[in-house]
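To start, the structure under review is shown below, and the notes come after it.
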Amino acid sequence: MPNTETAGGPKAGPGPESRAEAADDSLLRMEGITKIFPGVVANDKISLDLRKGEILALVGENGAGKSTLMKILYGLYRPDSGDIFIGGKKARIAGPKDAIARGIGMVHQHFMLVPPFSVLENVVLGSETARFGVLRNEEPARKIAKLVEDNNLAVELDAVVEDLPVGLQQRVEILKVLYRGAEILIFDEPTAVLTPQEADELFKTFRQMRAQGKGIIFISHKLDEVLDIADRITVIRRGKVIKTLPRAEATKPLIAELMVGKPVLLNVDNPRIPAGETVLKVEGLCYADPDGHETLHEVGFEVRAGEIYGIAGVEGNGQSELVRSIAYRIPVKKGDIKLQGGAIQSLEVRERRERGVAHIPEDRHRYGLLLPYSLADNFVLGRHFKAPFVNKAAMQNRKEIADFAKRLIKDFDVRTPSELTPAHALSGGNQQKVIIAREMSSEPKLLLANQPTRGVDVGATEFIYKQLVEAKKRGAAVLLVSADLDEVMSLSDRIGVMYKGRIIKEFGRDETTKEEVGFFMMGEKSK
């Protein structure tokens, strides 16, 4: 574990040179920022600086305080103490309107767009140009066209936003903040839903904005991207700045260790093992939503015992509907879903689970946990009606439930004071561990892992990867669906690429590259 004094500790921050250079190249200084919520010190005397023409990566585990700090900068929260300086001058930011007026723009992970509006209408919304009460778009259109050209943000201004792919919608968000004159831009996990090619284009935009003297704060869990694009990297742990590293001194293992406080194994051993019999077989599956929009078209694939089959694709191409059709009883239009040769599409959830289906859902709060309930009760969901958790009189056996919960807490390293702690009191990573512990402990024949590491930090991600590989080693068939292409590529034995509700291409392990898969994800190649 790094020594906190040598790693920065309480003395870490912008460094002595920042004040000397403030008049010349300082865009932003945050000094001694503290924010306390009931029972939680989210930011503890945090200091950092951002210079003109710089990309500063902000990294840390979930709950480390990154988002809180950026919400303070953008005026969504007010600090309990500390000061913010913009261009060397002390600034009080009372809300987002103040932040925008001071040249601060924030591109949120979840876009703030009006889907039925055009690109131009979304960009100027709230900053419209009018004459005699009539909206005038000529001058805004010229200004936006110049921003498009200068920042590698090609998009048609008259296109309707809801018709655009995710990568182009993100460009609209960037144009919105640039149109309002932002010199300081905050990006929160901007590549989370992008293909590799789209991420490369985004980083071209970053570099062009840097060349114009703008400052970028880039929040990400993807350390390869951080090392690719950042000039400096600030690591936050438990509300404190641990260290700010120049790019030349940074490595993935060092950043991960600073984030977690201990060495992290970044490359999980994923051995090749002979695949067994077919466990899951999907044939000609079609599904339409209640509005009649068909989101699955003749989907077919199989997953065998002892293998991880990864589904790659930009979110919204039918992955969620595919997993739900296997895990739950939903009204598919046609097609077959077979588990070890037997059809299951007419079975209820409990029957599917009894036959060996386990499910790590993409939304742990909505589908994975009963948040007000204790961990003990959450651990036995799906088996709460069976022995040994009920006795012959059909009464709960609380001792058996408690003992089972304590064992899973220990085996899966769930950080909690007690098995009686309510699920909502845990961090996101530990909530995910509860779900994984419950599903893995059932020794499933088929494990559906939908976005298993979404919203969890590097330490929990390492743990989850190990559990998926262990399930494979024990002979389970694992269906992995993830928006993180690196995750799919590193864990999968075979990969199916989904585009517009179809699996348009399959690859065996080591048969493709990240870039080639990315092209298929965008629909630029076909079978």
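The values are calculated or read from the model by the stated rules, or taken from the named source; none is laboratory data. These figures come from a predicted structure and were not determined experimentally. All Cβ positions, even for glycine, are placed from backbone atoms using ideal geometry, and neighbour counts span all protein chains on display.
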*Condition test on residue 256, is it over 30 Å from residue 478 (Cβ atoms), surrounded by 14 or more Cβ atoms within 10 Å (Cβ to Cβ), within 25 Å of the chain's Cα centre (by Cα) and of a type in the set (Gly, Ala, Ser)?*
no
_Between a residue in the range 469-485 that is more than 26 Å from residue 314 (Cβ to Cβ) and any residue that is not aliphatic (A, V, I, L, M), which pairs come within a Cβ distance under 7 Å, given they are 6 or more apart or on different chains?_
475/276; 475/306; 476/444; 476/445
*Look at residue 324 and say whether it is crowded, with 16+ Cβ neighbours inside 10 Å, out of contact with any Asp or Glu (no Cβ under 6 Å at 6 or more places or on another chain), closer than 26 Å to residue 453 by Cβ and free of Cβ contacts under 8 Å to residues at least 40 places away in the same chain.*
yes
*Output the residues belonging to the range 407-417 that are in contact (Cβ under 8 Å) with a residue 12 or more places away in the chain and not in a helix (DSSP H, G or I).*
412, 413, 414, 415, 416
*Being in contact with a strand residue (DSSP E or B) (Cβ under 8 Å, 6 or more places away or on another chain) and at pLDDT 90 or above narrows it down to one of 500, 473, so name that one.*
500
*Scan the range 379-412 residue by residue and report those that are more than 28 Å from residue 348 (Cβ to Cβ) and surrounded by fewer than 13 Cβ atoms within 10 Å (Cβ to Cβ).*
399, 410, 411
*Note down all Cβ pairs under 9 Å where the first residue falls in the range 30-45 and is surrounded by fewer than 14 Cβ atoms within 10 Å (Cβ to Cβ), the second is not basic (Lys, Arg), and they're at least six residues apart or on different chains.*
37/68; 40/63; 40/239
*If only one of 158, 83, 98 is assigned to a loop (DSSP other than H, G, I, E, B) and either over 26 Å from the mean Cα position of the chain (by Cα) or touching a residue at least 12 places away in the same chain (Cβ under 8 Å) (or both), which one is it?*
158
_Only one of 147, 76 that is in contact with a helix residue (DSSP H, G or I) (Cβ under 7 Å, 6 or more places away or on another chain) and part of a helix (DSSP H, G or I)_ = 147
*In the range 471-490, how many are more than 17 Å from the chain's Cα centre (by Cα) and surrounded by 20 or more Cβ atoms within 10 Å (Cβ to Cβ)?*
6
*asked:* Suppose the filter is polar (S, T, N, Q) and assigned to a helix (DSSP H, G or I); does residue 346 pass it?
replied: no
*For residues that are in a strand (DSSP E or B), of a type outside the set (Val, Ile, Thr) and within 23 Å of the chain's Cα centre (by Cα), tally how many sit in the range 197-250.*
4
_Is it the case, given these coordinates, that residue 260 is of a type in the set (Val, Ile, Thr), out of contact with any Phe, Trp or Tyr (no Cβ under 7 Å at 6 or more places or on another chain) and within 30 Å of residue 418 (Cα to Cα)?_
yes
